[in-house]
Amino acid sequence: MTSSRLLIGQSLPSPEDIFGFRMGSDRQLIDWNQIVDYFHTLDRHSDRIIVQELGKTTLGKPFLMAVISSENNLRNLDHYQSIQKRIANPGDMSREESQELLEEARAVVMVSLNIHATEIGSSQESVELAWELATQTDPKTRKILDNVIVLLMPSLNPDGLQMVVEWYRKHVGTPHEGCSMPWLYHHYAGHDNNRDLFFFNLQESRLVSRILYRDWFPEIVYDQHQMGSTGARLFIPPYVDPVNLNVHPILMAEINMLGKHVVSDMQDQGFTGVETGSRFNAFFQGVMARTPIWHNILGILSEAASARIATPIYLPRGSLQQHGPERPRYSHRTDFLDPWEGGWWRLRDIIEYEKAATYSILHLTATYRKKFATNFFTMNRDAIKKGKDESPYAYILPPEQHDPNSATEMLKRLDFNGIAIFRSQDDLKYAGVTYPQGTFVIPLAQPCRPAIKDLLEPQVYPNMKQYPDGPPTPPYDFTGWTLPLQMGVEIVEMKTPLRADLMPADSYVFDPARDIDVAAAAYIIERRYNNAYAIVNEWMKNQKTDVYWTDENLRHDRDTYPSGSLIVPNRGDAASVLEKLSATYHVPVTGISQLPPVRGTRARRPRLGIYQPWITSMDEGWTRLVLDNFRFEHTSLHNEDIQDGKLADKYDAIILPDMGTEAIVEGKRRWGGEPYLGVPEMPEKYRGGIDKKGVEALLAFVKNGGTLITIGRACDFAIDKLKVPAVNVLKEVKPKDYYAPGSLLRIELDNTHPLAHGMPKQTAIRVANSPAFRLLPYNREVHAVGYYTDDDPLLSGWLIGSEKLEGHTTLADIPVEKGRVVLFGFGVQCRAQTYGTFKLLFNAILSSRIESVESLKDEIE
Ligand SMILES: [Zn+2]
């Protein structure tokens with residue numbers, strides 16, 4: 001803080017002064033650029049606010065956090081921050097020692113807004129809330145400022161906020177006012193940006209992780225959302241079942257207390273329609289409002305009813321209803337004491353509800369400052385102690401990994417979770433195996449023990465039914481996310497106390513870079529490394545030459561390289577280029593002096609298209625992220641691009657992301673019924689799907705040599721519309737008989753087939769009520785490359801009806817005239833998390849533009 005700062009108090013311009021309307025006025029919005037400017041104004045003119053730019057978003061916008069507290073607290077911010085870090089990681093600090101710290105500590109509360117860009121109320125609220133905290137002088141505000149340090153994030157998705165505001169403004173006053181946007185509001189993830197908060201694929205999540213688990217360790221995170229329009233006006237915890245057993249009961253009790261306190265406060269102030277205990281659970285880790293609870297941090301979600309962006313809607317009596325199986329009727333209940341009666345619902349109402357909840361949380365935190373600090377300290381200490389006293393004591397990553405790149409990547413993701421990773425100083429012996437010095441070890445004696453366990457162990461989801469023998473109670477989200485399974489990484493759980501000297505790991509790389517043999521005839525790159533594909537893609541793009549692979553096992557020195565191993569001829573400056581790529585991507589590139597006369601394949605740079613529907617597909621977005629990360633070039637194809645036809649002239653492979661047949665063909669959304677009067681429709685240009693013309697174009701594409709890659713539900717499109725010889729055996733099965741809500745299942749692979757090159761014989765796949773196939777007799781050879789065995793395939797999550805899967809195919813390569821259709825009956829690239837199966841998708845793409853070579857020796861040397 002500099003002395004030139006002025007405390008202007010009430011004279012600080014309000015948002016209304018600056019923008020010319022009250023926040024939340026009908027049909028009026030401020031965009032991200034305006035919000036950024038306003039926060040900088042507050043920073044300049046108030047001694048109660050420090051605004052920090054944490055970094056840039058995916059599309060390069062500034063990502064902001066405002067630190068708001070009393071003038072005195074902000075003057076001593078470093079001091080309070082260091083206290084917070086000590087409480088967060090207390091080691092074996094004694095109670096006496098802690099007393100002084102806990103007395104002095106300020107409560108730290110993160111208020112995170114607008115991760116879902118169309119849930120726009122909170123972004124508009126942000127400036128008003130900040131202005132009020134900066135200017136109000138009443139005793140309640142003073143109490144909050146004196147006791148609490150607020151970390152306010154005005155939007156967790158600034159790119160999306162800007163897009164949504166621009167789209168809305170463009171259509172205000174037209175029949176399209178308030179209609180959906182025809183593209184994802186996060187460049188890669190759309191709504192799924194709020195499924196990333198334990199995996200940290202996205203730039204925005206990574207910026208948040210630094211504040212949560214490195215810089216600040218808030219005791220409370222309050223994350224604001226909006227839901228549909230016709231239920232309660234505001235949801236606040238308690239959450240519904242099931243309880244995640246890794247989470248400390250103290251924490252859940254505090255969450256319950258805090259939620260009920262908000263209900264009571266809001267009732268006092270005349271707010272109606274506030275509910276608790278419906279639909280939203282705290283079992284799944286990936287969302288902003290809950291991911292902190294595995295770190296002993298209270299995670300509070302609120303969900304306000306939505307208007308139509310900034311357009312008010314009228315809810316007649318009788319239009320209101322409950323959602324979720326806990327609430328069959330819209331009526332008075334213990335956890336819904338005062339139902340809202342209906343009427344106009346406006347953006348301003350949302351801001352009022354959200355602000356009231358925020359003040360209630362901040363005020364309660366101020367009141368019980370020491371209780372929250374003490375419990376945070378206690379839970380962190382308990383976690384460390386439990387890690388020392390209770391199995392599992394540690395996780396070991398054996399140095400021999402099928403894909404060392406994925407193992408490295410997993411450690412990076414754990415690091416984003418604030419998990420400390422170590423290497424053994426000496427040989428480490430466990431269960432009869434000796435792991436060499438330098439082996440990666442993750443001890444459980446850490447404050448975030450719940451997170452470590454939950455990320456690395458298989459999930460066991462309770463078999464919850466809506467009534468005895470009834471259908472399953474749908475979970476909030478996926479039920480299994482075990483990182484080693486998703487990523488194909490081997491870990492060993494240590495069930496005896498860890499006695500080893502450890503040092504903090506300063507790098508997560510498994511294989512050190514090696515020199516390259518400049519005189520070699522060619523270079524071999526093993527396909528089991530995920531990053532081998534990034535190397536090959538960069539090579540093909542920049543060198544504009546082809547790559548090869550062997551179709552037989554290839555012996556060199558004492559090593560045998562399996563069929564599918566990639567081969568790059570040593571021509572021109574290949575040696576120096578590959579040496580650089582090898583070091584960048586941590587993939588060994590081995591020179592061989594002589595190529596044997598084995599059969600092989602030549603691959604050219606594939607021309608890849610991805611279907612991008614105007615009704616938006618998050619799976620499409622995640623697919624782009626995976627392809628970008630591994631340097632695949634690709635083009636987005638819209639309905640008209642597909643309908644234009646002649647696709648085989650332009651593309652070698654086309655991906656249909658996980659979407660149902662009606663969505664692809666007719667542009668029908670998964671949710672919501674037929675439009676009626678008053679519901680804005682998208683502009684004509686963005687309506688409909690690929691239509692009959694598009695179906696014919698895709699069929700012609702395949703017949704003329706193209707590779708059509710269908711993922712998840714899009715396999716049904718290939719079966720229904722292109723008539724490929726397969727049946728989805730799960731299509732008509734009821735959830736009561738078969739249910740796999742985001743679970744991880746085991747399949748067998750034929751890894752001699754080019755689609756499964758580089759893969760182990762078995763793998764875990766992500767299944768979210770995905771299809772499984774019975775292949776039909778055909779006039780060509782059809783390859784069942786991946787299939788379920790007769791054993792129960794459940795590895796993590798929840799599965800009802802495993803017998804429905806027995807023996808069925810989940811990955812098939814079906815030739816159709818000159819081309820082929822590849823059916824992926826699972827989330828091969830799901831949410832950009834399934835590193836263990838990415839290669840299957842990469843293989844499908846890479847094998848879309850190939851020719852056979854009789855002898856690699858003659859071709860290359
Ligand atoms: Zn939301």
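None of the figures in this text is laboratory data; all of them are computed from the coordinates on show. All of these numbers come straight from a predicted model, not from anything done at the bench. Every residue, glycine among them, receives a Cβ derived from its backbone with ideal geometry; neighbour counts consider all protein chains shown.
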Convex hull volume per residue for the stretch 707-810, taking Cα atoms only, in Å³:
106 Å³
What's the percent breakdown of Cα-Cα distances in the stretch 132-232 across 10 Å bins, shortest bin first?
11, 31, 30, 23, 5
Where does helix 618-629 land angle-wise versus the long Cα axis of the chain, in degrees 0 to 90, nearest 10?
60 degrees
Show me, for the stretch 502-507, the HN-Hα J-couplings you get by feeding each phi into the Karplus relation (A = 6.51, B = -1.76, C = 1.60, θ = phi - 60°), rounded to Hz, glycine and proline as x.
10, 10, x, 6, 9, 8
Any idea what angle helix 574-585 forms with the longest principal axis of the chain, computed on alpha-carbon atoms, 0 to 90 degrees, nearest 10?
40 degrees
Filter 465/761; 61/260; 685/731; 412/839 down to the pairs with a C-alpha to C-alpha distance above 30 Å, please.
465/761; 61/260; 685/731
Any idea what the relative contact order of the stretch 514-586 is, in percent, if you count C-alpha pairs under 8 Å spaced at least 6 apart?
41 percent
From the Cα centre of the stretch 686-714 to that of the stretch 569-606, the distance in Å is 35 Å
Sort 689-699, 569-579 for me by packing, meaning the mean count of neighbouring Cβ atoms within 10 Å per residue, highest on top.
689-699, 569-579
What's the magnitude of the charge dipole for the stretch 403-560 around its Cα centre, counting Lys and Arg as +1 and Asp and Glu as -1 at the beta-carbon? Answer in Debye, nearest 20.
400 debye
Amide H neighbours of residue 221 under 5 Å, at least 5 residues apart or on other chains, H built in the peptide plane: list them.
110, 298, 299, 300
Relative contact order %, the chain, counting alpha carbon pairs below 8 Å whose residues are six or more apart
11 percent
In degrees, nearest ten, helix 691-703 long axis to first principal axis of the chain (Cα)
30 degrees
Could you grab the relative contact order for the stretch 260-417? Cα pairs under 8 Å, six or more apart, rounded to a whole percent.
25 percent
222 nm [θ] for the chain, helices only, -39500 (n - 2.57) per DSSP H run of 4+, per residue, to 500?
-9500 deg cm²/dmol
For residue 726, distant residues with modelled amide H under 5 Å away:
776
Please list the non-local residues whose amide H lies under 5 Å from the amide H of residue 304, H modeled 1.01 Å from N, same-chain partners needing a gap of 5 or more.
225, 226, 227, 235
In order through the stretch 601-611: 3J(HN,Hα) via Karplus (6.51 cos²θ - 1.76 cosθ + 1.60), integer Hz, x for Gly, Pro
9, 9, 10, 9, 4, x, 9, 10, x, 10, 5
Which is farthest toward the positive dipole end of the chain among 848, 246, 834, measuring Cα position about the Cα centre, with Cβ charges +1 (Lys, Arg) and -1 (Asp, Glu)?
848
HN-Hα J in Hz across the stretch 427-435 - Karplus 6.51, -1.76, 1.60, θ = phi - 60°, x for Gly and Pro
4, 10, 9, 8, 6, x, 10, 9, 9
Leaving out same-chain residues fewer than 8 places away, which lysines sit with a Cα under 23 Å from that of residue 650?
541, 544, 692, 693, 703, 721, 818
Show me the ranking of peptides 842-851, 555-564, 151-160 by mean Cβ neighbours inside 10 Å, starting with the highest.
151-160, 842-851, 555-564
